[in-house]
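Visitor: Below is one structure. I have some questions about it.
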Amino acid sequence: MYSATKAALNGLSLALRYELWDENIRVTSTTPGTVATAIFPKDRPPPAYAQTAEQSASVILAGVARNERLVLGDQQDVSAAKHCFDPNAAAQFDDHLLAVARKRRKGEMAF
């Protein structure tokens, strides 16, 4: 559900960007990355690589100021975006995402 919603919001944002461009309205889609927020339950703290909300906001605001169409909030997202649809990287992504899905279904991941 989370991934589908995120993809839908990115698609809507990008469509609005071009629909509203001639009215001088700019739209940027953002994917903040892993941010240490209350989404992580107290018994499962965020991973060590999680950024603070302030760090995430800084990256996003800088991307909006540059009128980027999509702002990726952390280096993991940037790296993954470069290879997400690369056929040569498909097996690696399939293995990782399948492992995440299985953990979520078993209740091992709360988000």
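Visitor: Among the chymotrypsin sites (Phe, Trp or Tyr not before Pro) within the stretch 1-93, which fall in a DSSP loop and have no more than 14 other Cβ atoms within 10 Å of their own Cβ?
Guide: Details: sites: TYR2, TYR18, TRP21, TYR49, PHE85, PHE93; in loops: TYR49, PHE85.
Sites meeting the loop and neighbour criteria: TYR49, PHE85.
Visitor: Taking θ as phi - 60°, what are the ³J(HN,Hα) couplings along the stretch 68-84 by the Karplus curve (6.51, -1.76, 1.60), each to the nearest whole Hz, with x for Gly and Pro?
Guide: My calculation for the stretch 68-84 gives 6, 6, 9, 9, 9, x, 9, 5, 5, 5, 4, 4, 5, 4, 5, 10, 3 Hz in order.
Visitor: Which whole-Hz ³J(HN,Hα) couplings does the stretch 32-39 yield from phi under the Karplus relation 6.51 cos²θ - 1.76 cosθ + 1.60, θ = phi - 60°, glycine and proline marked x?
Guide: The phi angles translate into x, x, 8, 10, 6, 10, 5, 5 Hz.
Visitor: How many percent of the accessible area of the chain is carbon or sulfur, using a 1.4 Å probe? Present the calculation step by step, with values, prior to reporting the outcome.
Guide: On the way: 4850 of 8190 Å².
That fraction is 59 percent.
Visitor: Right, another one. How much length is gained on full extension from GLU19 to LEU61, taking 0.36 nm per residue of separation minus their Cα-Cα distance?
Guide: Here the answer is 12.9 nm.
Visitor: For the pair PHE93 and SER79, how long in nm is the line joining their label points, each one 7 Å along Cα→Cβ?
Guide: 1.6
Visitor: A further question follows. Taking amide H positions as placed 1.01 Å from N in the peptide plane, with prolines and chain starts having none, which residues 5 or more places from THR34, or on another chain, fall under 5 Å of its amide H?
Guide: Here the answer is GLN51, since their amide H atoms fall under 5 Å of that of THR34.
Visitor: Here's another thing I want to ask about it. According to the square roots a ≥ b ≥ c of the eigenvalues of the Cα gyration tensor, what is the shape class of the stretch 16-104, taking rounded for a/c under 1.5, prolate for a/b larger than b/c otherwise, and oblate for the remainder?
Guide: In terms of gyration-tensor shape, oblate.
Visitor: Once the Cα atoms of helix 90-105 and of the chain are each reduced to a long axis, what angle between those two axes, in degrees from 0 to 90 to the nearest 10, is obtained?
Guide: 70
Visitor: Mind listing the phi-derived Karplus ³J(HN,Hα) values for the stretch 15-21, rounded to whole Hz, using 6.51, -1.76 and 1.60 with θ = phi - 60°, and x for any glycine or proline?
Guide: Couplings: 5, 5, 3, 7, 5, 9, 3 Hz.
Visitor: Now a separate question. In the chain, with Lys and Arg counted as +1 and Asp and Glu as -1 at Cβ, which of these residues, LEU72, THR37, CYS84, has the Cα nearest the positive end of the dipole, that is, farthest along it?
Guide: It is THR37.
Visitor: For GLU68 and MET109 in one chain, what is 0.36 nm times their gap in residues minus the Cα-Cα distance, to one decimal in nm? Display every interim value, and only then the final one.
Guide: On the way: separation 41, 0.36 × 41 = 14.76 nm, distance 3.18 nm.
Working it through step by step, the gained length comes to 11.6 nm.
Visitor: Another question about this same structure. Could you pull out the trypsin sites (Lys or Arg not before Pro) across the stretch 29-75 that fall in loop regions by DSSP (anything but H, G, I, E, B) with no more than 10 other Cβ atoms inside 10 Å?
Guide: Numbers: sites: LYS42, ARG66, ARG69; in loops: LYS42, ARG66, ARG69.
For trypsin sites (Lys or Arg not before Pro) across the stretch 29-75 that sit outside H, G, I, E and B with at most 10 neighbouring Cβ atoms in 10 Å, the list reads LYS42, ARG66.
Visitor: Please work out the average accessible area per residue across the chain, using the 1.4 Å probe convention, and give it in Å².
Guide: Normalised by residue count, the accessible surface of the chain is 74 Å².
Visitor: Just order 26-32, 75-81 by mean Cβ neighbour count inside 10 Å, highest at the front, would you?
Guide: Ranking the peptides 26-32, 75-81 by packing returns 26-32, 75-81.
Visitor: State to the nearest 20 debye the size of the charge dipole of the chain about its Cα centre, where the only charges are +1 on K and R beta carbons and -1 on D and E beta carbons.
Guide: Using Cβ point charges on Lys, Arg, Asp and Glu, the chain gives about 400 debye.
Visitor: Right, another one. Out of every Cα pair in the stretch 58-104, what percent are spaced more than 14 Å from each other?
Guide: 62
The values are calculated or read from the model by the stated rules, or taken from the named source; none is laboratory data. Quantities reported herein were computed from a predicted structural model and do not represent experimental measurements. Heads up, the Cβs are rebuilt from the backbone with ideal geometry, glycines too, and the neighbour counts pull from every protein chain shown. Just so you know, the surface numbers come from the protein's heavy atoms only, side chains and all, with ligands and any DNA or RNA stripped out. Shrake-Rupley method; radii C 1.70, N 1.55, O 1.52, S 1.80 Å.
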